[in-house]
Amino acid sequence: MILSYFIALVGQPSTHKHTLTGHSDKVMAAKFIGEATKVVTGSYDRTLKIWDLRGRACQHTKFAGSSCNDLVTSDGSGSTVISGHFDKKIRFWDTRTESLENVVELNGKITSLDISKDGRFLLACVRDDTLRIIDLRKTNTLLHTLSEDGLKISCDWARAVFSSDAKQVAVGSSDGSVFVLETTTNKVEVVLKDEHKAAVTAVAWHPYANFIASVGRNRQAVVWGDM
């Protein structure tokens, strides 16, 4: 598969910078790691690849053994990459070595990962219709399991996200609703519905305001007002 890298300059049109070729199946996630010249990607070909954009080449390939649905980096230096997989496992990688640091296994396929702004908490969206919150500073301890009647994770790549202060999470459901849950109490703060007429596959929380955007399988995007 081909991964194209674009850079947008303020006031100027986007410019195509790099095309990276190497994965043999769909690329599901890409993140910068540590600096603007390195990118990590996760693919259905069961590998993660770390790319050097200056040389337009793959520096390292990490063999996960399972399709990667999403990944995040847990610190500013990019030394740790966390990937979520089809085989129900979250894998923790040290980018400076060839080693796999740790593995956490849950009860369903990992559809997405998100990390809190302070780098302390990891949010995993799981195909068993739950959200799991893991404390990265306590040896990857599972803190909370969030679930709710009516919440059905819509697909193997459904995306869930933290709010900016990590006190809430948002996730879409197969019935077209968006659930907003409190992270420590597992209480539903609000269920946003009646706009999407199809399964919600991804949500995004505004980084500086209390707004949520969601997209559904009916090709519709919705922006929800102040939460």
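Among residues of region 208-226 being over 12 Å from residue 159 (Cα atoms) and either of a type in the set (S, T, N, Q) or in contact (Cβ under 8 Å) with a residue 60 or more places away in the chain (or both), the one that is most open to solvent (accessible area, probe 1.4 Å) is 217. Scanning region 133-162 for residues that are farther than 21 Å from residue 195 by Cα and open to solvent by less than 20 Å² (accessible area, probe 1.4 Å) turns up 133, 134, 135, 146, 162. If the condition is being of a type in the set (A, V, I, L, M, F, W, C) and either open to solvent by 60 Å² or more (accessible area, probe 1.4 Å) or touching an Asp or Glu at 6+ places or on another chain (Cβ under 8 Å) (or both), then region 184-197 contributes only 188.
From the set of residues in region 91-111 that are within 18 Å of residue 33 (Cα to Cα) and among the hydroxyl-bearing types (Ser, Thr, Tyr), which is least open to solvent (accessible area, probe 1.4 Å)? Step by step, filter region 91-111, then rank; the result is 95. Would you call residue 10 open to solvent by 60 Å² or more (accessible area, probe 1.4 Å) and either modelled with pLDDT under 90 or out of contact with any helix residue (DSSP H, G or I) (no Cβ under 7 Å at 6 or more places or on another chain) (or both)? Considered against the rule, which asks whether it is open to solvent by 60 Å² or more (accessible area, probe 1.4 Å) and either modelled with pLDDT under 90 or out of contact with any helix residue (DSSP H, G or I) (no Cβ under 7 Å at 6 or more places or on another chain) (or both), residue 10 comes out as yes. Close Cβ contacts (under 8 Å, 6 or more residues apart or on different chains) running from residues in region 188-201 that are hydroxyl-bearing (Ser, Thr, Tyr) to residues that are not in a strand (DSSP E or B) comprise 201/154; 201/155; 201/157; 201/158; 201/159; 201/217. When residues in region 28-54 are screened for being open to solvent by 40 Å² or more (accessible area, probe 1.4 Å) and in a strand (DSSP E or B), 7 of them pass.
For residue 200, the criteria (1) within 15 Å of residue 161 (Cα to Cα); (2) open to solvent by 50 Å² or more (accessible area, probe 1.4 Å) hold in every case but one, which is (2).
The values are calculated or read from the model by the stated rules, or taken from the named source; none is laboratory data. These numbers were taken from a predicted model, which means no experiment stands behind them. Note that each Cβ is placed from the backbone with ideal geometry, even for glycine, and that neighbours are counted across all protein chains shown. Accessible surface areas use protein heavy atoms only, side chains included; no ligands, DNA or RNA. Shrake-Rupley method; radii C 1.70, N 1.55, O 1.52, S 1.80 Å.
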